[in-house]
Amino acid sequence: MAYLKLSSKNQIVLPKEARAAMKVRGGDSLLVVVKGDITILMPKPRKYADTLAGSGKGLYPKNYLKRERRSW
């Protein structure tokens, strides 16, 4: 587990392990998500459509879409 220290200029340096795991390098953008007292850093997606693809899988019961289409 790596630790970060906030500088007097409110800057942080990501440890090498974190940069390697997120596959980011200097100049890349990061998203900061704050939920209550938890802060999440993640690489900014290059294409949001690719990132969100499949996120709704399993949301509806099996054959739901087919039944809905037949009802039209």
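The numbers here are math on the coordinates, done by the rules we state, and not lab data. The shown structure was predicted, so the numbers you read here are calculated from the model rather than taken from an experiment. Every residue, glycine among them, receives a Cβ derived from its backbone with ideal geometry; neighbour counts consider all protein chains shown.
Tell me the label-point distance for the pair LYS66, ALA20, using the 7 Å Cα-to-Cβ offset, in nm and rounded to one decimal.
For LYS66 paired with ALA20, the spin-label model returns 4.7 nm.
Take the cross-link list LYS16/LYS57; LYS5/LYS57; LYS16/LYS44; LYS23/LYS62 and give me the ones stretching past 28 Å between alpha-carbons. Mind dumping the intermediate values first?
Numbers: LYS16/LYS57 34 Å; LYS5/LYS57 39 Å; LYS16/LYS44 18 Å; LYS23/LYS62 36 Å.
Violating the 28 Å limit, Cα to Cα: LYS16/LYS57; LYS5/LYS57; LYS23/LYS62.
Could you tell me what fraction of 2.2 N^0.38 Å the Cα radius of gyration of the chain comes to, as a two-decimal ratio?
On the way: Rg = 19.4 Å, N = 72, 2.2 N^0.38 = 11.2 Å.
Expressed relative to 2.2 N^0.38 Å, the Cα Rg reads 1.74.
Name the residue farthest towards the positive end of the dipole of the chain from the options PRO45, VAL34, ASN10, assuming +1 on Cβ of Lys and Arg, -1 on Cβ of Asp and Glu, about the Cα centre.
PRO45
In a Gaussian network model over the chain where Cα atoms closer than 10 Å are linked, find which of LYS16, LYS35, LYS47 has the largest mean-square fluctuation.
The residue that fluctuates most here is LYS35.
So which residue, out of LYS44, LYS57, LYS23, gets the largest mean-square fluctuation from a GNM of the chain using Cα contacts under 10 Å as springs?
LYS57
Taking θ as phi - 60°, what are the ³J(HN,Hα) couplings along the stretch 42-51 by the Karplus curve (6.51, -1.76, 1.60), each to the nearest whole Hz, with x for Gly and Pro?
8, x, 5, x, 6, 10, 5, 4, 5, 5
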